[in-house]
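Following: one structure in structure tokens, then a few remarks.
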Amino acid sequence: MKAVRFWGPGDIRYEDVPIQEPKEGEVLIKIKAALTCGTDVKTYRRGHPVLIKKLPSGFGHEFSGVVEKLGAGVDKFKVGDRVVAANSAPCGECFYCKKEEYNLCENLDLLNGAYAEYITIPARIVEKNMIILPDDLSFERAAFCEPLANVVHGAYRTEIKEGQSVGIIGIGPIGLLFARTAKLMGARVIVGGRNPVKLKLAEEFAHADEIVDLKKYPNPEKIFKDFSDEKKGLDVAVECVGLPEIWERIFTFVRPGGTVHFFGGCKSGSTVTFDATKMHYGDMKMMSVFHHTPKYFREALNLIASGQMEVEKLITDKLELKDVEYAMQEHIAGRAIKFLITP
């Protein structure tokens, strides 16, 4: 089959690779839709200590497709089923799984290889995190389940409440999905970003209540505070960039008693500094949420299938498998939200 594999930072190759025949409990999927992701772009640029464990590696992790072949013992699916699969599944047996903190599973192997004609789904994901699609749900929309699952997990753990003021810095696909999710939870949402394509989608897709162009307002603290009740500061602020300097700045947007959610993952080894007095005497909550769980993967599918999430609006263009490196470069240049890759 044809596939794009990751050989190292800046080195991905479109090449012929053998199809991995499904072993016991596994399923071979013919990929119908794959999506580019900001995490893939970061990986392309500098590698990834969690996502990529060996070289060369499969690349890409957001996809949907059709069951092509079943391994021995698989009885929940049949050849021809239209499915979406997550890129991981918890073991259910480790320290964290026993505490139902499934996203922290000690045996959470992440699946890569969506930029290919076929992908073999490990038995644990087949059992716990692969779902048959509703007949009327397109492959393109279904492929958004994985990124949305991360966002829904983060938004629900933040305990966003109806009527709260929620500010989001960073409106790439994750920030846009977070803004839309917060709106669906009943929040009033203000977002800040620099890219005109993304600012437009903050209105057309996320339906944000206020949109701040950070090129025009490089010091937006007052705008965000003025958006909040009695100008006290936001109830919730969410960082979706993954830069230490933005982590530190967004901390200042939040009122005493509010919540700061550092959702964007910073480069390994990064450190940040906060005003400990404000944090302690302001009774502020600081948090981060990593990855997703089977519960939120299913919730993401429900949101997409119900029509509440018009995720197709986030697709910049449709490309062929051989164009994945071009897609990475377009992301780096700031000219894309999501590319739909069709093998």
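Across the range 183-198, what is the total count of residues that are touching an Asp or Glu at 6+ places or on another chain (Cβ under 6 Å) and either in a helix (DSSP H, G or I) or under 20 Å from Y217 (Cα atoms) (or both)?
Taking the range 183-198 first, the residues touching an Asp or Glu at 6+ places or on another chain (Cβ under 6 Å) are 186, 188-190.
If we keep only those that are either in a helix (DSSP H, G or I) or under 20 Å from Y217 (Cα atoms) (or both) as well, we get 189-190.
Qualifying residue count for the region: 2.
Taking the residues in the range 114-164 that are assigned to a strand (DSSP E or B) and among the hydroxyl-bearing types (S, T, Y) as candidates, determine which candidate is nearest to P22 (Cα to Cα). I'd like the intermediate steps shown before the answer.
Taking the range 114-164 first, the residues assigned to a strand (DSSP E or B) are 116, 118-121, 130-132.
Of the ones still in play, those that are also among the hydroxyl-bearing types (S, T, Y) are 118, 120.
Values: Y118: 11, T120: 6 Å.
Among those that are assigned to a strand (DSSP E or B) and among the hydroxyl-bearing types (S, T, Y), it is T120.
Modelled with pLDDT of 95 or more and assigned by TED's automatic domain parsing to the domain that holds A336: does that describe I29?
Details: modelled with pLDDT of 95 or more: yes; assigned by TED's automatic domain parsing to the domain that holds A336: yes.
Judged against the criteria, I29 is a match.
For the range 304-315, which residues satisfy the criterion of being surrounded by fewer than 22 Cβ atoms within 10 Å (Cβ to Cβ) and either within 18 Å of A114 (Cα to Cα) or not polar (S, T, N, Q) (or both)?
In the first step, residues of the range 304-315 are kept if they are surrounded by fewer than 22 Cβ atoms within 10 Å (Cβ to Cβ); the result is 305-308, 310, 312-313, 315.
Passing the criteria: A305, G307, E310, E312, K313, I315.
Sort out which residues of the range 200-259 are at positive phi and under 22 Å from the mean Cα position of the chain (by Cα), and write them in order of number. Give the derivation first.
In the first step, residues of the range 200-259 are kept if they are at positive phi; the result is 207, 230-231, 233, 242, 257.
Across the range 200-259, the qualifying residues are H207, G242.
Do any helices (runs of 4 or more DSSP H) lying entirely in the range 233-337 carry at least 3 residues that are under 29 Å from P90 (Cβ atoms) and not assigned by TED's automatic domain parsing to the domain that holds M185, and which ones are they?
On the way: elements: 244-250, 276-281, 294-305, 324-332.
So the answer is 294-305.
In the range 40-64, which residue that is in contact with a helix residue (DSSP H, G or I) (Cβ under 9 Å, 6 or more places away or on another chain) and part of a helix (DSSP H, G or I) is surrounded by the most Cβ atoms within 10 Å (Cβ to Cβ)?
Result: D40.
Quick check: anything in the range 93-101 at pLDDT 95 or above, assigned by TED's automatic domain parsing to the domain that holds V126 and surrounded by 21 or more Cβ atoms within 10 Å (Cβ to Cβ)? Give the derivation first.
Initially, the range 93-101 is screened for residues at pLDDT 95 or above, giving 93-101.
Those left that are additionally assigned by TED's automatic domain parsing to the domain that holds V126: 93-101.
Filter once more, so that each one left must be surrounded by 21 or more Cβ atoms within 10 Å (Cβ to Cβ): none.
No, that holds for no residue.
Is at least one residue of the range 11-28 of a type in the set (G, A, S) and within 29 Å of D317 (Cα to Cα)? Spell out how you get there, then give the answer.
Residues of the range 11-28 of a type in the set (G, A, S): 25.
From what is left, the residues that are within 29 Å of D317 (Cα to Cα) are none.
There is no residue in the range 11-28 that is of a type in the set (G, A, S) and within 29 Å of D317 (Cα to Cα).
All but one of (1) under 17 Å from the mean Cα position of the chain (by Cα); (2) under 30 Å from I131 (Cβ atoms) hold for C266, so report the exception by its number.
Checking C266 against (1) under 17 Å from the mean Cα position of the chain (by Cα); (2) under 30 Å from I131 (Cβ atoms), the one that fails is (2).
Looking at (1) surrounded by 14 or more Cβ atoms within 10 Å (Cβ to Cβ); (2) modelled with pLDDT under 95, find the lone condition where D235 falls short.
It fails just one condition, (2).
Yes or no, residue by residue, for (1) crowded, with 18+ Cβ neighbours inside 10 Å; (2) under 18 Å from F263 (Cα atoms); (3) of a type in the set (D, E); (4) free of Cβ contacts under 8 Å to residues at least 24 places away in the same chain:
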| site | (1), (2), (3), (4) |
| --- | --- |
| G163 | no, no, no, no |
| I168 | yes, yes, no, no |
| R188 | yes, no, no, no |
| L201 | yes, no, no, no |
| I211 | yes, no, no, yes |
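Could you grab me the full set of residues in the range 12-37 that are assigned to a strand (DSSP E or B) and out of contact with any Phe, Trp or Tyr (no Cβ under 9 Å at 6 or more places or on another chain)?
Those that are assigned to a strand (DSSP E or B) and out of contact with any Phe, Trp or Tyr (no Cβ under 9 Å at 6 or more places or on another chain): E15, D16.
Among F263, F274, which is the only one that is of a type in the set (F, W, Y) and modelled with pLDDT under 95?
On the way: F263 fails: modelled with pLDDT under 95.
Answer to the check: F274.
Has the range 29-39 got any residue that is within 13 Å of M130 (Cβ to Cβ), touching a residue at least 60 places away in the same chain (Cβ under 8 Å) and surrounded by 20 or more Cβ atoms within 10 Å (Cβ to Cβ)? First the steps, then the outcome.
From the range 29-39, those within 13 Å of M130 (Cβ to Cβ) are 29; that's our starting set.
Okay, now just the ones that are also touching a residue at least 60 places away in the same chain (Cβ under 8 Å), so 29.
Adding the requirement that they be surrounded by 20 or more Cβ atoms within 10 Å (Cβ to Cβ) leaves 29.
Yes.
Which ones in the range 88-103 are part of a loop (DSSP other than H, G, I, E, B) and out of contact with any Asp or Glu (no Cβ under 6 Å at 6 or more places or on another chain)?
Taking the range 88-103 as the starting set, the residues that turn out to be part of a loop (DSSP other than H, G, I, E, B) are 88-94, 99-101.
S88, A89, P90, C91, G92, E93, K99, E100, E101 - these are the residues of the range 88-103 that are part of a loop (DSSP other than H, G, I, E, B) and out of contact with any Asp or Glu (no Cβ under 6 Å at 6 or more places or on another chain).
The values are calculated or read from the model by the stated rules, or taken from the named source; none is laboratory data. Note that the structure is predicted; figures quoted are calculated from it, not measured. Note that we place each Cβ from the backbone using ideal geometry, even for glycine, and neighbour counts take in every protein chain shown.
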